[in-house]
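This report refers to the structure that appears directly beneath it.
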Amino acid sequence: VVKLLRVAKYYLFIEFLLPYNFSVAYRLMLTISKSENVRVVAISSPPFPLAFFCAVLVKLFSPHVRVHLDMRDPWATHHTLGGYKPAKRLLEKICMRRVDVVTAATRTMVDEFQTNYGIEAHVVYNVATHIANLKHDAVREYDEGQIDLTATTSSLLRILYVGTMPEGFYNLELLADWLVCLQKDKQNGESYEWLIVGECDGLESQIVTR
């Protein structure tokens with residue numbers, strides 16, 4: 001059932017028909033129409049359908065307002081979302097070419113948008129948004145300078161991941177296998193340190209079972 005719902009959501013574009021999208025877009029346009037002080041609208045994706053509606057409506061009815069679209073995750077090319085890729089890329093292109101500024105969370109996404117859509121995009125790196133939920137002292141140690149991210153030696157490779165890894169969204173089993181193999185396949189005394197700033201209980205449980 002869950003798989004069928006996902007297919008309907010992404011292939012039939014059901015996510016564009018959610019009442020929430022229309023409600024927020026309507027309130028945004030109402031706010032702009034009642035105030036002459038609105039000069040910039042900042043929109044974040046996901047959810048992309050909401051960003052699409054807001055961006056298109058603002059530029060259509062209030063062209064004097066500048067729109068900043070911030071892509072935290074890819075939508076048209078996201079391998080786990082599914083859907084008809086040509087149609088999704090067309091919608092993404094329409095949205096991005098209508099706004100004034102596009103930013104993304106990674107250099108890879110920026111390069112992809114510039115190549116696919118012929119736009120100028122900028123990198124705004126992500127930050128940890130779930131620090132308060134952490135159950136260990138990694139963030140406290142990082143804040144206090146006990147973890148030196150710039151310190152490197154010939155025998156240590158330090159990998160930093162900032163963000164979350166929810167179960168069911170990423171292939172945590174494959175990532176856990178890779179980390180275990182990486183640690184076992186040490187050469188010339190090499191060692192690896194994996195620092196995660198974010199909620200990643202799913203990955204931790206996968207590693208513990210190996």
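The values are calculated or read from the model by the stated rules, or taken from the named source; none is laboratory data. Keep in mind it's a predicted model, so treat the numbers as computed, not measured. As a convention, Cβ positions derive from the backbone with ideal geometry for all residues, glycine included, and neighbour counts pool all protein chains shown. Areas reflect the complete protein model, heavy atoms only, side chains present, ligands, DNA and RNA absent. Shrake-Rupley method; radii C 1.70, N 1.55, O 1.52, S 1.80 Å.
Computed values, structure above
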read-out: Search result, residues across region 66-87 that are farther than 18 Å from Ala8 by Cα and either at pLDDT below 90 or polar (S, T, N, Q) (or both); value: Arg72, Asp73, Pro74
read-out: Candidate set: region 1-37, residues that are assigned to a loop (DSSP other than H, G, I, E, B), free of Cβ contacts under 8 Å to residues at least 12 places away in the same chain and under 30 Å from His64 (Cβ atoms); chosen: the one most open to solvent (accessible area, probe 1.4 Å); value: Glu36
read-out: Any hit, region 38-61, residues being in a helix (DSSP H, G or I), β-branched (Val, Ile, Thr) and open to solvent by 60 Å² or more (accessible area, probe 1.4 Å); value: no
read-out: Pick from region 94-110, criterion at pLDDT 90 or above and more than 12 Å from Asp70 (Cα to Cα), ranking: most open to solvent (accessible area, probe 1.4 Å); value: Arg97
read-out: Unmet requirement for Leu90, which otherwise passes all of (1) under 14 Å from Ala42 (Cβ atoms); (2) within 20 Å of the chain's Cα centre (by Cα); (3) modelled with pLDDT of 90 or more; value: (1)
